[in-house]
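*Asks:* Below are the structure tokens for one structure; questions will follow.
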Amino acid sequence: MNLWELQPAVVALLKADSRLEGVPVIADDGTYPKTPGREAALAGPGLVLIVWEIESDGLVDASNTGLAAHDVYTPVVIEENPTACRAESGVKIEAEKALQWVLEAVAGKASGNRRFVAMDPPFKNFGKVNGVRRIVANLSVRAFVKSP
């Protein structure tokens, strides 16, 4: 699995989970919280999953040959606008339920020959800010990078 394939792999796993049907899943382009589609999702179905760009969670091991094992942090931001989400036209999936399903949809699933795992802590609840509830699911995958 290449580093550039990790974010799209998480997006694909979330989109494939039938429990999350109707919930927009967006790959962040580095502009969060201005991610395109975020505001519309919060106003419409009331729930959005934003897969942030990858980040290093540390170097696990490296050798003189150039081979390096990295833990790569792959966060999923769960945002719920309770007013829209729980309305008649909303998806009616509360943030905590979405968190459970995100972890089940991704943790333990393969990305190439590697598996995503929940990190410690597995999530962080940021509470409600400006009417929007935010929980970040913390996932990681071990990636190996070597000299060509």
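*Asks:* About its Cα centre, what dipole magnitude does the chain give when the only charges are +1 on Lys and Arg Cβ and -1 on Asp and Glu Cβ, stated in debye to the nearest 20? Don't skip to the end; give the middle numbers.
*Replies:* On the way: 16 positive and 18 negative charges, 35 e Å.
Dipole of the chain, to the nearest 20 debye: 160 debye.
*Asks:* On to the next question. Translational D (Stokes-Einstein, µm²/s) of region 3-145 at 4 °C and 1.567 mPa s when Rh comes from the Kirkwood sum over C-alpha pairs? Kindly include the intermediate steps, with their values, before the conclusion.
*Replies:* Details: Rh = 15.5 Å.
So the translational diffusion coefficient is about 83 µm²/s.
*Asks:* Right, here's the next one. Are there any GluC sites (Glu not before Pro) in region 1-81 that are in a DSSP loop and have at most 15 other Cβ atoms within 10 Å? List them by number.
*Replies:* On the way: sites: Glu5, Glu21, Glu39, Glu53, Glu55, Glu79, Glu80; in loops: Glu21, Glu53.
Loop-located and lightly packed - Glu21, Glu53.
*Asks:* Among the listed pairs Lys15/Lys124; Lys15/Lys128; Lys97/Lys124; Lys34/Lys97; Lys109/Lys146, which are separated by more than 20 Å between their Cα atoms? Please report the intermediate quantities before stating the final value.
*Replies:* Numbers: Lys15/Lys124 22 Å; Lys15/Lys128 25 Å; Lys97/Lys124 14 Å; Lys34/Lys97 25 Å; Lys109/Lys146 23 Å.
Among Lys15/Lys124; Lys15/Lys128; Lys97/Lys124; Lys34/Lys97; Lys109/Lys146, the Cα-Cα distance tops 20 Å for Lys15/Lys124; Lys15/Lys128; Lys34/Lys97; Lys109/Lys146.
*Asks:* Next question. Considering the options Leu6, Ala87, Ala143, tell which one lies farthest towards the positive end of the dipole of the chain, charges being +1 on Lys and Arg and -1 on Asp and Glu at the Cβ, about the Cα centre.
*Replies:* The listed residue farthest towards the positive side: Ala87.
*Asks:* Still on this structure, please answer the following. Under the rule a/c < 1.5 gives rounded, and otherwise a/b versus b/c splits prolate from oblate, where does region 39-114 land using the Cα gyration tensor? If you can, show how the numbers build up before the last one.
*Replies:* Numbers: a/c = 4.28, a/b = 2.92, b/c = 1.46.
The shape class here is prolate.
*Asks:* Right, something else. Using the alpha-carbon atoms, what tilt in degrees (0 to 90, nearest 10) does helix 95-106 show relative to the longest principal axis of the chain?
*Replies:* 30
Here, each number is a calculation from the coordinates, and none is a lab measurement. Please read these numbers as outputs of a predicted model, since none were measured by experiment. Don't worry about glycine lacking a Cβ; one is built from the backbone with ideal geometry, like all the others, and counts go over all protein chains shown.
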